[in-house]
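Below is one structure; the comments refer to it alone.
The values are calculated or read from the model by the stated rules, or taken from the named source; none is laboratory data. Bear in mind that the values here come from a model prediction, so they are computed numbers and not experimental data. Counting neighbours? That spans all protein chains shown, and the Cβs are built from the backbone with ideal geometry, glycine included. When the accessible area is computed, the model is the full protein with side chains, heavy atoms only, and any ligands, DNA or RNA have been set aside. Shrake-Rupley method; radii C 1.70, N 1.55, O 1.52, S 1.80 Å.
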Amino acid sequence: MNIQQIASIAPSPRQLAWQKMEFYAFAHFGMNTFTGSEWGDGSAPASLFAPSDFDANQWVQCVKSAGMKGLILTCKHHDGFCLWPSQYTDYSVKNSPWKDGKGDVVQEVSQACKRHGIAFGVYLSPGDRHEATYGQGEAYNTFYKNQLRELASNYGDIFCFWFDGACGEGANGKKQVYDWEGYYSIIRQLQPNAVISVCGPDVRWCGNEAGVCRTSEWSVVPAALQDAERTAEKSQKEDDGKFSRKITSCDEDLGSRKAIDGCESLVWYPAEVDTSIRVGWFYHPEQDTELRSLEELKEIYYNSVGANACLLLNIPPDTRGRFAQPDVLRLQELGEYLGRTFSNNLAIHGTAWATDSLQGHSPRNVLSYEEHLFWQPTPGQEQAQLTLEFPQPISFSHVVLKEHLPSGQRIEAFRLLADGKEIFSGTVVGYQRICRFSPVTAQRITIDITESRFCPTLQQVCVYP
Ligand code: FUL
C-alpha cells in the first residue's frame, strides 16, 4: 500500500457514529454485587440476587450528569447469571426474589436509556461458568447465539455489543472454541448499526484497564489486530485484583509508518479505553472511600477522549440497585468540570487563513460545526500551517483539533504556536486531540502540521479559556 492509500482508510458509518459518542458508561451489576466478588464461579444461588431499591432512572440520570452519552450493561458476566429472563437458562432474574421473579433488569435499563436520550449497549460474557455446555463447542455456541438473539431482538436499538476476552475460567479451566463469525453475523443481521467491541472487528481494546491509551493512538492499524483470539489471549487470565490497574507497555506502537511498514492489510480499528471509577468492576461497600479522584478522572478523560479514543467508564450499582452516593457526587463534579471547561469556544470569534488550501476546502471551515466541511491543503502537501487570528488578544488553555475522519487519519506530528511562539507539540490527532497547557494570551494561534500522510485535513479547531 502506498501512503495515499493508507491515508484514505476510513471508518465505517457505524464506527464513525460510535466515535462521536466519546464518553459512555459501563455498569457492572449482577450476582457478584450480592456475593462481594469480582469473578463468580456460577454456583451462587439465584435467590441471592435481591436489589432492595432498584432504579434504572437514577443510573441514567447520573450517567448524563457526567456528560456521558450511553451505557453498557453486564447482561451476563463470567458467572453466567442473566439479568434478563432468558428462556435458555434457569440461572437468571426469573428465579430470584427480585420482583417475585418477574423483573427484567435489561428491559428497565434499556428503557431508562431511551427515556433519557442516551444509547444502550450490551455486555454478554462469552465465558460462562454456570452453563453446563460451556467447553463443549457447538452446544455452547448454540446456547450463546440464542442468548444473543434474545438481547438483540427484544430491547430496542443497541449501540454496542462488548465481547470480553476474559472468561473467569483461569489458565487451567475449561476451554470453549467460540464461533465468533457466527456471533457477528447475528448482530449484523439484527442490529446493523451496532459496533462489536474488543473481541470484535469494530472497536479495539486499548490493551489495559488502567485508563490510558497510547501517546500516538492510531485508528489505522494492521488487520491482524482484529483477531478475537489474539485479544482474548492478552486479556486477564486470573482475577488477581491488580490487572485493572496495570499499564502494559507491550505493543506501544501499532500504527506509525515504521510499525505498519510492509504490512499487507490495514484496517480502521479505533481504540476504546475501559476503566472503573472504583478499584473493582463490581460494587463492594469497603471501596466506598477509594473512588478515583476528580483529578484522576480528568487525566483519564484527557488521555482517552482527548487522545483519539473513546472512554468507557464503569460505575457499579450497589446492592440497592442504585449508584452509590460517592459515585453520584463524583460524576456530577466531573460533568460540571467538563461543562465549564468546554462551553465557551473562542474560535468562533476568529478568522482563519492557511499556507495552502485546496479549492472548496477553505481554512474558515475549521471554525464551523458542520461536520462535512473541512480544510485541506493541495493533495500531496504533507506539511502545512493554519492560523486563527482574533480581533484582540485572547486568553486560552485548551485547543481541540479534529481531523475529517471520512477522509482517513493523517496527521503524524504538529506544533501549536501562540503569536509565533511554540506552546505545545503533539503527534496524532484523529477524531480529536485535546491540547492542554497553562493559560496563554495571544492574538494568533497557528497549527503547524509538520508531518502527515499524503496531506492533512482539519475538520474543526476549538479554543477554550
Ligand atoms: C475483564 C473482566 O474479567 C472484568 O471482570 C471486567 O468485566 C472487565 C471489563 O473485563 O476482562
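Looking only at residues of region 371-396 that are open to solvent by less than 50 Å² (accessible area, probe 1.4 Å), part of a loop (DSSP other than H, G, I, E, B) and not aromatic (Phe, Trp, Tyr), we find that the one that is farthest from Ile445 (Cα to Cα) is Gly380. Within the option set Pro316, Pro326, Pro285, being touching a residue at least 12 places away in the same chain (Cβ under 8 Å), closer than 30 Å to Pro97 by Cα and open to solvent by 70 Å² or more (accessible area, probe 1.4 Å) holds for one residue only, Pro285. Reported count of residues in region 155-195, each being part of a helix (DSSP H, G or I), touching a residue at least 24 places away in the same chain (Cβ under 8 Å) and not hydrophobic (A, V, I, L, M, F, W, C), is 2. The number of residues in region 150-175 being more than 16 Å from the ligand (Cβ to nearest atom) and not acidic (Asp, Glu) comes to 10.
Based on what the data block shows, is Ala25 open to solvent by less than 10 Å² (accessible area, probe 1.4 Å), within 16 Å of the ligand (Cβ to nearest atom) and touching a Leu at 6+ places or on another chain (Cβ under 9 Å)? Spelling it out, Ala25 is indeed open to solvent by less than 10 Å² (accessible area, probe 1.4 Å), within 16 Å of the ligand (Cβ to nearest atom) and touching a Leu at 6+ places or on another chain (Cβ under 9 Å).
The test for being open to solvent by 60 Å² or more (accessible area, probe 1.4 Å) and under 24 Å from Arg14 (Cα atoms) does not hold for Asn172. Is there a residue in region 288-302 that is buried (at least 22 other Cβ atoms within 10 Å of the Cβ), part of a loop (DSSP other than H, G, I, E, B) and within 18 Å of the chain's Cα centre (by Cα)? Checked region 288-302: no residue is buried (at least 22 other Cβ atoms within 10 Å of the Cβ), part of a loop (DSSP other than H, G, I, E, B) and within 18 Å of the chain's Cα centre (by Cα). Just name the residue that is nearest to the ligand (Cβ to nearest atom) out of those in region 28-38 that are surrounded by 22 or more Cβ atoms within 10 Å (Cβ to Cβ) and not polar (S, T, N, Q). Per the stated criteria, the residue is His28. The single condition among (1) assigned to a loop (DSSP other than H, G, I, E, B); (2) surrounded by fewer than 22 Cβ atoms within 10 Å (Cβ to Cβ); (3) touching a residue at least 24 places away in the same chain (Cβ under 8 Å) that Ala112 does not meet is (1).
Looking at Glu451, is it in contact with a strand residue (DSSP E or B) (Cβ under 6 Å, 6 or more places away or on another chain) and farther than 24 Å from Val305 by Cβ? For Glu451, the condition - in contact with a strand residue (DSSP E or B) (Cβ under 6 Å, 6 or more places away or on another chain) and farther than 24 Å from Val305 by Cβ - is not met.
Restricting attention to region 126-163, the residues that are under 13 Å from Trp180 (Cα atoms) and either open to solvent by 30 Å² or more (accessible area, probe 1.4 Å) or in contact with a Lys or Arg (Cβ under 8 Å, 6 or more places away or on another chain) (or both) total 3. Restricted to region 52-77, and to residues there that are part of a loop (DSSP other than H, G, I, E, B) and open to solvent by less than 10 Å² (accessible area, probe 1.4 Å), the residue that is nearest to the ligand (Cβ to nearest atom) is Met68. From the list Val399, Val366, which residue is assigned to a strand (DSSP E or B) and under 21 Å from Thr341 (Cβ atoms)? None of the other options fit; the residue is Val399.
Just one residue in the set Ser153, Ser216, Ser197 is farther than 30 Å from Val429 by Cα and polar (S, T, N, Q); that residue is Ser153. Name the residues in region 81-95 that are under 14 Å from Asn146 (Cα atoms) and within 16 Å of the ligand (Cβ to nearest atom), would you? Once the filter is applied, which keeps residues that are under 14 Å from Asn146 (Cα atoms) and within 16 Å of the ligand (Cβ to nearest atom), region 81-95 yields only Cys82. Kindly indicate whether Ala413 is open to solvent by less than 30 Å² (accessible area, probe 1.4 Å), part of a strand (DSSP E or B), over 23 Å from Cys213 (Cβ atoms) and small (Gly, Ala, Ser). Answer is no for this residue. Taken together, Tyr144, Tyr178 contain a single residue that is within 16 Å of the ligand (Cβ to nearest atom) and modelled with pLDDT of 95 or more, which is Tyr178.
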